[in-house]
Amino acid sequence: MIQERVVRLAIYYTDAGCIERVVAAFRKLLIDVNWIWGRRVDSHYEIYLGVNDHPNLKLALLNLSKTVGVEFVELLIDAKVEKYTYFNGELQKIGEKNPGNEEINRGSKRFIVYIPIYTRVVGYRWGEKYGENI
């Protein structure tokens, strides 16, 4: 089984290809991106990525931190991704007083949100490292 790592980055939206540049930074070093989730925060976008653990991961993070438009790149070391569902204005963790996937897939108007929970971070800004060592 391949270990998944969670990466968070802030990028300024300049054109429609900004997410493609982020994914290309990993793919050119043969690192698969399993999922992407993002949101707009003020003038930039905060993007979370699930990437496979790979020997080239540190190099990909350094290259990405030097990319124009990228504010910072952070590796969330001990991240666990938890699954929540949003229904009728409530956000509930799946499995806690909440119907499972069967009811969600039956056509009820719900959507699922994946939220990373973490305590340790290693960050990069223009090639400079801050936080814990990898």
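What the table shows:
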{"item": "Fluctuation leader among Ile36, Ile94, Ile47 - the chain, Gaussian network, Cα springs under 10 angstrom", "result": "Ile94"}
{"item": "Under DSSP loop assignment and at most 14 Cβ neighbours within 10 Å, longest GluC sites (Glu not before Pro)-free interval of the chain", "result": "1-95"}
{"item": "20 Å Cα-Cα reach of Lys93 towards aspartates and glutamates, excluding residues that sit fewer than 8 places from it in its own chain", "result": "Asp78, Glu82, Glu102, Glu103"}
{"item": "Folded to 0 to 90 degrees: helix 18-27 orientation relative to the chain principal axis, Cα", "result": "70"}
{"item": "Residue among Arg21, Arg40, Arg110 with the largest mean-square fluctuation in a Gaussian network model of the chain, springs linking Cα atoms under 10 Å", "result": "Arg110"}
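Throughout, read-outs are computed from the coordinates displayed, never taken from laboratory work. Keep in mind that what you see is a predicted model, and the values were worked out from it rather than measured. Note that we place each Cβ from the backbone using ideal geometry, even for glycine, and neighbour counts take in every protein chain shown.
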